[in-house]
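Data first, discussion second: the structure below is written as structure tokens.
The values are calculated or read from the model by the stated rules, or taken from the named source; none is laboratory data. Please read all numbers here as calculations on a predicted model, not as lab measurements. Methodologically, a virtual Cβ is constructed for each residue, glycine included, from the backbone with ideal geometry; neighbour enumeration extends over all protein chains shown.
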Amino acid sequence: MGSGSLSYALRVSCFVMAFLPFYVAAENCRPELHGDIAIKADNVLIESNNNKFRIDPKGNLFFDVHRVALSEAQRASLTEYNKTIRNDLPFIGRSLSEELHTSWLALDGVLSAELGERSALRGEVGQFHQHLQNQVSTSLYDLDRSPQLKHQALTTAVRELEASVPQLIATVSSRGLMDIAMLSEGKSNKMQFISQKMAALQNKLADEVRLQRDRTLDVQQEVCQRFAQWQVQEAEIASLIPALSSWKTVTVRK
């Protein structure tokens, strides 16, 4: 078992850590975000297509400070949308953060067991996880910890992660070899020990990745369904209110 196989296993684990909690799996849906949403004092604040507006819990619509005259049907649709966002946005932010942390803990447990608590690879992956958590926090929580969805910040974070993963792959591959080489000190047959240790690490990482994928399927599907419901409600609102005819915050492509 050569270093290429180990590198492949680590590449799989890193991609899972990077993308599993952020966007649901491609076979379920592919959400494309278009606008920012925030919740402040039960108001839903939206910025889309360079327009800013607010929807209060009673379905009143405000552009800046100006209240828009609405029919009962229009107000009813906005009231329902306000409820949906106030229910869904905290769930999405909490779920993405928790799933990322849980997946990292599971993979960190494998690294700790196989390479030791002071493993250089473990420290490297831990730093990467912390970077991801910081990006999640910036994209999904305001400074006062109120829920938000900053679509450009999240998109930028994902692109940054895509660019950084190849470098991380090279780093963790060398760190893993270094850790195993240190563990081989004093062994009668170092090469055999290194080969066996690589194989064990690869297999256990691959097994853990599969477990984490299976574990998160329900949450992935739930997030997908909630985004799809946003799309349905926004389309209905856009059809009822001419001023919002071009408005959308998410497109779900299946």
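Quick notes
- In region 124-158, the residues that are assigned to a helix (DSSP H, G or I), farther than 14 Å from Leu33 by Cα and either among the hydroxyl-bearing types (Ser, Thr, Tyr) or without any contact (Cβ under 8 Å) to a residue 40 or more places away in the chain (or both): Gly126, Gln127, Gln130, His131, Gln133, Asn134, Gln135, Ser137, Thr138
- Remark: pairs (first residue in region 242-254, acidic (Asp, Glu) and at pLDDT 85 or above; second residue buried (at least 16 other Cβ atoms within 10 Å of the Cβ) and not in a loop (DSSP other than H, G, I, E, B); Cβ separation under 6 Å; 6+ apart in sequence or on different chains) are absent.
- Verdict on Lys248 being part of a helix (DSSP H, G or I), basic (Lys, Arg) and more than 17 Å from the chain's Cα centre (by Cα): no
- Per-region count, region 45-59, residues within 17 Å of Pro242 (Cβ to Cβ) and either among the polar types (S, T, N, Q) or touching a Lys or Arg at 6+ places or on another chain (Cβ under 9 Å) (or both): 5
- When region 45-88 is filtered for residues that are buried (at least 16 other Cβ atoms within 10 Å of the Cβ) and in a strand (DSSP E or B), the ones remaining, listed by number, are Leu45, Ile46, Ser48, Phe53, Arg54, Ile55, Leu61.
- The lone exception for Leu115 - which of (1) at pLDDT below 80; (2) touching a Gly at 6+ places or on another chain (Cβ under 8 Å); (3) of a type in the set (A, V, I, L, M, F, W, C) it fails: (1)
- Failed criterion for Ala170 (all others in (1) surrounded by 15 or more Cβ atoms within 10 Å (Cβ to Cβ); (2) modelled with pLDDT under 80; (3) among the small types (Gly, Ala, Ser) hold): (1)
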